[in-house]
1. Expressed in nm², what is the orientationally averaged projection area of the convex hull enclosing the Cα positions of segment 80-157?
2. Please identify every one of the trypsin sites (Lys or Arg not before Pro) in segment 195-291 that sits in a loop by DSSP and has no more than 16 other beta carbons within 10 Å of its own beta carbon.
3. Local charge sum around Gly181 (other residues, Cβ-Cβ under 12 Å, Lys/Arg +1, Asp/Glu -1)?
4. So if I take the alpha carbon set of segment 66-220, get Rg, then get Rh from the Kirkwood formula, what is the Rg over Rh ratio?
5. Count charges around Leu275 for me, please; just the other residues with Cβ under 13 Å from its Cβ, Lys/Arg as +1, Asp/Glu as -1.
6. Which loop-located trypsin sites (Lys or Arg not before Pro) does segment 123-194 contain, where loop means any DSSP state but H, G, I, E or B and the Cβ has at most 15 other Cβ atoms within 10 Å?
7. Using all Cα-Cα distances in segment 159-312, what percent lands in each 5 angstrom bin from 0 up to the longest?
8. Rule-of-thumb check for segment 129-245: C-alpha Rg over 2.2 N^0.38 Å?
Amino acid sequence: MGRQPFTVGRKKLLMAKRITLLTIFGMLFWQSATACDACGCSISGNGMGILTAFRSNFIGLSWQRSTFQGLPGHGGGGTDYFHTVELSARYHFTDRWKVLVNQPYRINQRKLEGETDGIQGLSDTRIVASYTILNRKKLGDETSLFFELGGGVKLPTGKYNPDLHETDLPENFNIGNGSWGYILQPNLVLNHKKSGLVFGGLYQYFGKTDNGYRFGSQLSTRLLAFNEVKLSDKITLLPNAGLSAEWIVEDQFFNDKTVTGTGGSGVFANAGINLKSEKFLFGVTYAQPISQSYSHGEVEAKGRIACQFSYIF
């Protein structure tokens, strides 16, 4: 009994070191490199948000809309609307290994001087395999930590037109980006009683297209706090709020010169609500920009909205 305080103190110190290492890893990931044409941004999803908190198999359908307004003197002051409908599925092959598949369908529209132009179709497929490093690691009687790290590929399945700019639409308006991509995706969930924090990240690096064009790498992150409110034995309400951010590197021509009017970054305040039953999850999230710089100030991001419906099994 006389050695117990020392043992407990040493365990707490080791746990503090682990949490510090995870925090440092997260900061390094946030600082990784991060394409956006004036009034035409390449939008990519950044995971299933609060669904990360539920470590189950699922099939889900989501919709999100992002809007960019061209500022006066740039691109004629038009407005771009990017709609993404995405079918997602995640399956656990073992307690540690799982695979996530995302298939988006994109609808990109530009409204300028009373006219609407755009393009739509199936976009690039993403496949990510994840390994659970910490599975409900106990940090105390009522606190646990979950951490997984995923890696995968983006397949060039979406339609890519290298001459799209000849139709008065920017390169980044393409449904697909015409090249293979490589993905790094960490997810971390800290649970304490009925509350928790969800951290998710998505980094994508793109190869060159057949004509040598390279879209800029993209990094998106999200940190959400959530709380579980029991409405009944089978229904749970999960309000959440937090911050999200994205960094996008400038595109490059075949000669490695940067493409004018591409690249950017933004920070968003997020708020959402989720309703969960034994088998289903429905959620709505709204993101409001609080700091941004896209296409060197030529465009302005507006509020974003996303909805998701998932079957959990």
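The values are calculated or read from the model by the stated rules, or taken from the named source; none is laboratory data. Note that the structure is predicted; figures quoted are calculated from it, not measured. Don't worry about glycine lacking a Cβ; one is built from the backbone with ideal geometry, like all the others, and counts go over all protein chains shown. For accessibility, only protein heavy atoms count, side chains too; no ligands or nucleic acids. Shrake-Rupley method; radii C 1.70, N 1.55, O 1.52, S 1.80 Å.
1. Averaged projected area of segment 80-157's Cα convex hull equals 7.9 nm².
2. Details: sites: Lys208, Arg214, Arg222, Lys230, Lys234, Lys257, Lys276, Lys279; in loops: Lys234, Lys257, Lys279.
Listed in order of number, the matching sites are Lys234, Lys257, Lys279.
3. Around Gly181, the surrounding residues sum to +3.
4. Value, to two decimals: 1.09.
5. Details: positive: Lys230, Lys234, Lys276, Lys279; negative: Glu228, Glu278.
Surrounding charge for Leu275 is +2.
6. Filter output for segment 123-194: Lys193, Lys194.
7. 2, 8, 13, 17, 16, 14, 11, 8, 6, 3, 2, 0, 0
8. Normalised Cα radius of gyration, segment 129-245: 1.47.
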